[in-house]
Each structure stands twice: as structure tokens, then as C-alpha cells.
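First comes the structure, then the notes that go with it.
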Amino acid sequence: MAETITDGNTMMEDTMVEDTEAPSPPPPPAAVSKNGRKAEGNSIFSWIFVLALLGAWTAVGVVWFDIVDYDTVVGTLVPYDIDGDGHLGLEDAKVLLGLKEKPVARETPPHTPVTDTSDEQDVRSDLRREAEPTVAKSEFVNTASSEQDSFNIDSTAADAGLSRLEQEFTPFDPIEDNFDSFPQEENPDTIDTTGELVVEYLPEETEGQSDTTVLYSEQFASQQTDPRAPDSTQDMEGANPEPTAESAAEVTQDSTPVLPETTAQSAPQSPQDTTQSNTAEETPTEVTGKKKKPKMFNKFDKTIKSEIDTAEKLRKKGKAEEALRAFEGLVQKYPHSPRSRYGKAQSEDDVAEKLRSNDMLLKAVNSYKDAAELPDAPVALIKAALKRRADRQQFLGRMRGSLATLQLLVQTFPDDIALQNDLGVAYLLIGDNKAAKKVYEEVLVKAPSDGFAKVHYGFILKSENKIAESIPYLREGLESEAAGTDDGRFYFHLGDALQRVGDQSAYEWYERGHKRGHFASVWQRSLYNVNGLRAQPWWTAKETGYTDLVKTLERNWITIRDEALSVMNASSGLFVAEDENLREKGDWGQFTLWQQGRKVASSCRSVPKTCALLDRYPEATSCKRGQIKFSVMQPGTHVWPHTGPTNCRLRMHLGLVIPRDGCRIRCTDHTRGWEEGKVLIFDDSFEHEVWQDADSYRLIFIVDVWHPELSQTQRQTLSPI
């Protein structure tokens with residue numbers, strides 16, 4: 001039976017007979033004379049055969065019972081190693097006796113180090129040589145120790161605090177997942193109007209809170225993939241080319257909400273495309289034009305391909321823990337095998353998703369690096385491992401670590417446009433628009449028609465308020481239909497830019513966005529929604545079910561007004577100017593009491609009666625997707641048409657100081673005005689626009705409330721905006 005013998009790091013296979021004890025050697029054949037008679041004595045040839053057999057079995061016994069250290073003598077046995085398996089055994093004796101033909105020796109013994117003489121060696125040299133100048137070694141080598149595992153936002157002017165994550169692993173979905181459970185590397189101060197984490201400080205939302213604030217949010221820009229998606233190595237060398245129905249079922253079971261479509265070119269745009277994120281680029285062959293599989297095996301890995309395939313099959317069948325144990329065994333057995341280390345990293349990735357473990361995912365992040373840094377790693381494996389590492393770092397919120405990995409990739413593969421595009425996204429994620437702009441300018445010089453680079457470059461121009469200049473880039477990028485361009489926010493910002501220059505084709509792009517499934521309708525263009533909620537632009541108090549709150553506001557409007565005036569007239573100037581680029585002209589200020597369901601204590605000390613009134617109404621004070629604040633607008637102000645970020649709230653306006661003429665608000669195609677002491681209610685996820693053409697200021701009190709059809713569970717688990 002086949003037995004495996006372990007001595008140090010050397011693994012040997014030997015063939016033994018079924019009996020547990022070694023049989024005694026057969027008696028020597030008696031010499032026979034020419035006339036057929038039995039000769040007396042023994043032939044010298046018989047003794048040679050006896051000695052040969054004794055030597056063979058002695059060799060087996062020495063190795064089997066560990067009589068001597070095999071490694072110390074193995075070199076002296078090479079001349080007698082007939083079958084070329086690295087040791088002297090029964091098979092060698094059979095060959096010596098003429099009972100078996102001498103086998104053909106293998107070209108590369110399993111433990112013979114392979115020297116890569118191809119140009120891949122240059123790439124790996126560049127990989128190691130070029131890493132240090134740009135990437136801090138401590139940050140790249142040990143992400144777990146150099147970057148924060150989670151984040152804790154202190155109270156800001158908006159009091160937008162979030163709880164610290166404690167060892168939880170949650171694929172981030174802005175609609176279904178609780179934002180508090182998403183780990184983040186940095187300590188950003190706020191959350192943008194789309195509900196996503198941003199690095200830059202975002203001024204408090206104004207009365208017509210808009211998604212037109214051009215900040216590149218994490219979800220908008222990220223290359224995050226759905227970790228539940230089938231792994232890309234299904235198409236790699238040494239893996240099963242066709243996943244089975246069983247493996248597909250394993251992938252989709254126990255699923256969590258799917259991430260919305262992202263904008264990174266090389267990242268998957270939908271669950272069925274996620275296999276792109278963990279594989280090297282496929283290239284067409286010169287002869288057939290067909291795509292060929294990336295070379296993920298070096299010469300040594302090909303000698304152990306059957307063992308790697310066995311472990312890989314476990315992984316593809318969804319047996320993540322078994323696959324991890326198998327690959328860990330291969331790494332221990334063959335520490336210099338890049339494909340084994342890459343398989344180990346993938347298995348850790350799978351187990352991390354299954355167990356929802358940040359610790360395991362961090363191990364995968366480091367294992368991807370280990371695989372890429374091996375001296376004989378194939379170029380395709382290096383690229384695939386580092387791309388997946390960058391992706392997983394982004395998924396964990398380690399934006400600077402991901403940036404460092406992408407910088408290394410671009411240095412190593414300078415001609416890869418997709419990697420440059422991803423690097424631009426990474427810069428945007430940390431709020432470095434200037435560096436991102438430079439990257440996309442370089443890409444557009446190399447590839448002037450690259451749609452992904454165009455939409456992002458247009459996005460950056462719009463963030464710089466270069467509205468007219470941004471339009472052709474956004475439009476041409478969307479028209480290219482390149483991977484990563486079909487995102488609702490590109491449609492959103494192109495339409496917004498067109499509206500601001502007076503081009504009515506904006507609504508054609510809104511219609512396209514609606515048909516693509518990004519907008520609920522041409523009018524309702526919020527991007528963070530809960531499906532099935534009642535959608536109408538204007539509401540009555542009875543329709544909301546919040547009649548008690550409305551009555552309290554209207555009965556106490558004078559008290560609320562007087563406290564607002566005292567703050568507005570304070571020498572400290574507590575009202576903050578709107579700075580979200582929503583105004584075409586004029587002055588517009590606000591004073592916030594609650595932000596994202598958190599009370600701003602310092603503000604409430606200035607208006608204690610107003611805050612005491614609101615404390616009784618959790619439908620308003622706990623609304624994590626809204627604000628409670630005063631809003632003052634001076635004469636001559638016009639607010640561009642815009643929409644809020646979510647359909648999960650309704651907005652109440654209580655009139656406090658309203659000029660007789662000149663103040664009005666349009667929501668969809670219906671325009672209304674404010675009245676002092678009266679509450680006006682609308683859904684700001686629909687397009688709305690404001691004019692202040694009076695001779696004096698207009699002062700209102702804004703109270704956001706949860707959409708009445710949201711369940712209590714949804715209110716507790718929806719992410720803040």
C-alpha cells in the first residue's frame with residue numbers, strides 16, 4: 001500500500017507490500033549443470049542476487065525505522081537511485097534485478113529549485129526594488145499593525161458620532177446595512193449627503209439637502225466586491241474551468257444584501273462580474289484571437305499541480321475550512337510555492353466571509369502580499385494577488401493601505417490603464433482630488449477614449465465647479481458604456497450640470513438613469529432608497545401619521561421663532577453658511593440641533609425650549625437620515641433644482657418669519673409658499689427648487705422625520721445620512 005514518510009521537510013513516497021512484516025528473501029537458486037543435473041554448491045550469480053535483495057530491504061528498513069538520518073546519506077545513494085525518486089528502495093532493487101525497466105527520469109525533481117529566466121524575473125525585481133520609494137514599508141508589509149482596525153468618530157459640529165466596530169465583518173450596503181458596523185481606517189469627521197463615508201469635512205446639510213455635493217464617497221468610488229461571489233480562479237490554470245451547480249449553490253447561500261454597482265473599471269460592477277476582481281488580465285492569443293488563461297503556475301508548481309487542484313476543488317465546492325487546511329499543508333510542505341500561498345490567501349478570504357471575521361480577512365490581506373513577494377511568482381499571480389489585496393483593504397476601510405498597494409501595482413505594471421484608473425479612485429477615496437486628477441489626465445493622454453477615466457475626470461471638474469467643462473467628459477464617458485461608468489451618480493451629476501447651464505437635455509439623461517434602474521423616476525432621483533415606500537412629493541400631516549408633532553410645532557411656533565431670532569442675532573454668529581454648492585446666488589445659513597439622529601448639545605443649550613419640545617418625538621430626533629435645524633435665507637437667493645439622498649425621510653418646514661411676497665418652493669411641477677406658524681411637508685427625494693425674491697430674510701424651522709412606512713427595525717438598522 002502507498003505510505004508517506006515524513007522526515008523534516010522531506011516527503012517521500014514508497015511502495016510497500018500488504019503484509020506488515022517484510023518477507024524474508026527467497027532462497028538462492030541452485031546451480032544447474034549443462035546436462036540438467038543439480039549442481040553442488042551455489043553459483044556466484046545467485047549470491048549476487050541475494051546480496052542485491054538484502055541491500056534493497058536493508059535500505060527500506062533503514063528509512064522506515066529511522067535507523068539513520070536519511071538526509072545525511074541521501075547524496076551518496078544517488079548513483080544507485082535507478083528510478084529517480086530521490087531514494088533507494090524496492091523499485092530500485094527490481095530494476096537492478098532486471099524485473100522492471102529503468103524509468104525515464106523527471107526533468108525537475110519535486111524539491112529542485114527552479115530559476116526563472118524569463119522576463120517575469122525583471123517584473124519581480126521591479127516589484128521589490130520600486131516598492132520602497134513610494135510605499136512606506138511598515139504600512140505595506142503589516143497592514144494589521146499600521147492601520148486602524150475600526151473607527152470611532154468623535155462628536156463634530158454635526159455631532160455625527162458612530163459606534164466603534166468590535167470584531168465584526170459586514171459587507172457594506174448603504175441601504176440595508178447599519179453604517180456603524182463598517183470598519184474604517186481613518187477618523188473622518190463626517191458623512192456625505194449620500195450616506196457614505198468621506199474624508200473631507202462636509203458642511204451641515206441645508207434645507208433642501210442635495211446629493212449634488214461633489215465629494216467622492218467610499219461606496220461610490222470603491223472597488224469593493226461582493227465577497228460571496230464566485231472566485232475568479234475558476235478560470236485560472238489548475239482550477240476547475242466549469243463550476244458545478246453545487247458550488248454555485250454554496251456561493252449564493254447565506255447571502256447578505258448585495259453591494260450596489262461601483263465605478264472602478266477593473267472591479268466588478270455586479271455580482272455576476274465579481275470574478276474579475278481576483279484574477280489577472282486575460283490576453284488574446286496571436287493565432288486564434290481567443291482569450292487564454294493567465295499563467296498562475298511556475299515550473300515548480302506544475303510539478304505539484306495535482307495537489308493544488310485537490311485543494312482548489314475543496315474551495316470551489318464551498319468547503320472553505322477544509323480548503324484552508326489543505327492549502328496550509330501545501331504551504332508548509334512547499335513554502336516556496338506561489339500558487340499554494342495564493343490558494344491559502346483565497347481560502348482565508350472565503351473563511352473570512354463565512355465567519356464574518358475581520359481577523360481572518362486581515363490574514364488574507366497579508367497572505368496575498370506573501371504570495372506576490374515570492375521570488376519565482378508568475379507575473380499574472382503577482383498582479384492578481386495585489387489587486388485582490390487592494391480590494392480587500394478597501395473593503396475593510398483601509399484606504400491608505402489600498403492606495404499603497406495600487407501605487408505598487410502601477411509602478412510594477414506601468415502600461416496597465418485599468419490599474420491607473422483604480423489608482424485614481426483610491427486617491428479620490430482619501431479626498432486627494434488633485435492627485436486623482438493628475439492620474440486621469442495621464443490616462444487620457446495614453447487612452448483618449450477611455451470612458452472610465454472620462455467620467456471620473458468630469459466628476460472632478462464638477463467638484464471644482466467647472467460645470468461647463470465637466471459636461472463633455474461626463475457625457476462621453478457615459479456614452480462609452482465602458483465598465484464602471486454605469487453608475488447612478490454619473491447620470492445624476494451630468495443632469496445637474498446640464499440643468500445649471502440651462503440645457504433641458506438634462507431630463508433625457510435623468511430618463512436614461514431611470515431606465516437603467518438608478519432612479520425611481522425622472523423626478524425622484526435619490527440614490528439610497530428602501531423599495532416599496534409610498535412615493536409622492538407633497539404630504540399632509542394626516543398622511544404622515546405625525547399629527548401630534550405637527551400640532552406641537554404649530555402651537556409653539558412663536559417660542560421656537562423667538563429662540564431662533566436670539567441665536568441669529570447673537571454676536572457669535574451661530575448660523576453657518578451653506579457651502580454645498582447648491583446656490584446659484586444669494587446668502588443662506590443654518591443652525592443645526594440634531595444631525596443623523598444625534599443631538600448637538602452645544603446648539604441645544606442656546607435654544608433649550610425648542611429642543612425640549614422635540615425631545616418628545618423620536619420619529620424626528622432618531623431620524624439618522626435627516627436633521628433638525630433653523631434655516632435663514634436672505635433676499636436675492638436662488639437654490640438650484642436638486643434632490644435629497646434618500647427616500648427614507650420626509651421634510652417638515654415650519655414658517656417662522658415669512659415675507660409677504662417673493663418666497664416660494666417648487667417640488668416636481670407644483671409650487672407652494674410658506675406661512676408663519678404653519679407646517680409644510682414634502683419628500684425631498686423629489687426634485688425641488690427654492691426662490692427668495694422678497695425684500696427681507698426668510699426664517700423657517702426644518703424637521704426631518706422617518707418615512708412613516710419604515711418599520712422599527714429598519715429605522716434602527718439603516719445607515720446614517
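The values are calculated or read from the model by the stated rules, or taken from the named source; none is laboratory data. Keep in mind it's a predicted model, so treat the numbers as computed, not measured. Positions of Cβ are generated from backbone atoms using ideal geometry, with glycine treated the same way; all protein chains shown enter the neighbour counts. The area values use the complete protein model at the heavy-atom level, side chains included, leaving out ligands, DNA and RNA. Shrake-Rupley method; radii C 1.70, N 1.55, O 1.52, S 1.80 Å.
Anything in region 441-468 that is aromatic (Phe, Trp, Tyr) and in contact with a Ser or Thr (Cβ under 8 Å, 6 or more places away or on another chain)? List them, or say none. Hits for region 441-468 are Phe452, Phe459. Of all residues in region 577-595, which are under 24 Å from Asp693 (Cα atoms), hydrophobic (A, V, I, L, M, F, W, C) and in a strand (DSSP E or B)? The answer is Ala577, Trp588, Phe591. Between Val455, Val410, the distinction of being in contact (Cβ under 8 Å) with a residue 40 or more places away in the chain, open to solvent by less than 30 Å² (accessible area, probe 1.4 Å), part of a helix (DSSP H, G or I) and β-branched (Val, Ile, Thr) belongs to Val455 only. Tell me whether region 557-569 contains one or more residues that are modelled with pLDDT of 95 or more and at positive phi. Scanning region 557-569, I find no residue that is modelled with pLDDT of 95 or more and at positive phi, so the answer is no. Within region 321-335, is there a residue that is among the β-branched types (Val, Ile, Thr), on the phi < 0 side of the Ramachandran plot and free of Cβ contacts under 8 Å to residues at least 24 places away in the same chain? Yes, region 321-335 contains a residue that is among the β-branched types (Val, Ile, Thr), on the phi < 0 side of the Ramachandran plot and free of Cβ contacts under 8 Å to residues at least 24 places away in the same chain. Could you go through region 357-364 and let me know if any residue there is open to solvent by less than 10 Å² (accessible area, probe 1.4 Å), closer than 30 Å to Ala320 by Cα and either touching a strand residue (DSSP E or B) at 6+ places or on another chain (Cβ under 7 Å) or in a helix (DSSP H, G or I) (or both). Within region 357-364 (the criterion being open to solvent by less than 10 Å² (accessible area, probe 1.4 Å), closer than 30 Å to Ala320 by Cα and either touching a strand residue (DSSP E or B) at 6+ places or on another chain (Cβ under 7 Å) or in a helix (DSSP H, G or I) (or both)), the answer is yes, since at least one residue qualifies.
The set of residues in region 537-576 being of a type in the set (A, V, I, L, M), open to solvent by 50 Å² or more (accessible area, probe 1.4 Å) and not in a helix (DSSP H, G or I) consists of Leu574, Val576. Selection of region 682-705 for residues being open to solvent by 10 Å² or more (accessible area, probe 1.4 Å) and under 44 Å from the mean Cα position of the chain (by Cα) yields Phe686, Glu689, Trp691.
Checked against (1) closer than 16 Å to Asp684 by Cβ; (2) open to solvent by 20 Å² or more (accessible area, probe 1.4 Å); (3) modelled with pLDDT of 95 or more, Ser526 meets all criteria but (2). In region 378-387, the condition of being at pLDDT 95 or above, of a type in the set (Lys, Arg) and closer than 30 Å to Tyr473 by Cα is met by at least one residue.
Just to be sure before I move on: is Leu444 of a type outside the set (Lys, Arg), within 28 Å of Phe395 (Cα to Cα) and in contact (Cβ under 8 Å) with a residue 24 or more places away in the chain in the structure I sent? No; evaluated as a whole, the condition is false for this residue. Of the residues making up region 577-588, those that are among the polar types (S, T, N, Q) and open to solvent by less than 50 Å² (accessible area, probe 1.4 Å) number 0. None of Asn556, Asn581 is over 41 Å from the mean Cα position of the chain (by Cα) and of a type outside the set (A, V, I, L, M) except Asn556. For Ser521, indicate whether it is at pLDDT below 95, of a type in the set (S, T, N, Q) and either outside any helix (DSSP H, G or I) or open to solvent by less than 10 Å² (accessible area, probe 1.4 Å) (or both). Spelling it out, it is not the case that Ser521 is at pLDDT below 95, of a type in the set (S, T, N, Q) and either outside any helix (DSSP H, G or I) or open to solvent by less than 10 Å² (accessible area, probe 1.4 Å) (or both). Of Glu476, Glu481, Glu464, Glu508, all but one fail to be within 14 Å of Phe519 (Cβ to Cβ) and out of contact with any Leu (no Cβ under 7 Å at 6 or more places or on another chain); the exception is Glu508.
What single numbered condition from (1) under 26 Å from the mean Cα position of the chain (by Cα); (2) within 29 Å of Gln411 (Cα to Cα) fails to hold for Phe300? So the condition that Phe300 fails would be (1).
Would you check if there is a residue in region 491-502 being within 28 Å of the chain's Cα centre (by Cα) and in contact (Cβ under 8 Å) with a residue 60 or more places away in the chain? Taking every residue of region 491-502 in turn, at least one turns out to be within 28 Å of the chain's Cα centre (by Cα) and in contact (Cβ under 8 Å) with a residue 60 or more places away in the chain. None of Glu307, Glu353, Glu328, Glu321 is in a helix (DSSP H, G or I), open to solvent by 10 Å² or more (accessible area, probe 1.4 Å) and under 23 Å from Gly401 (Cα atoms) except Glu353.
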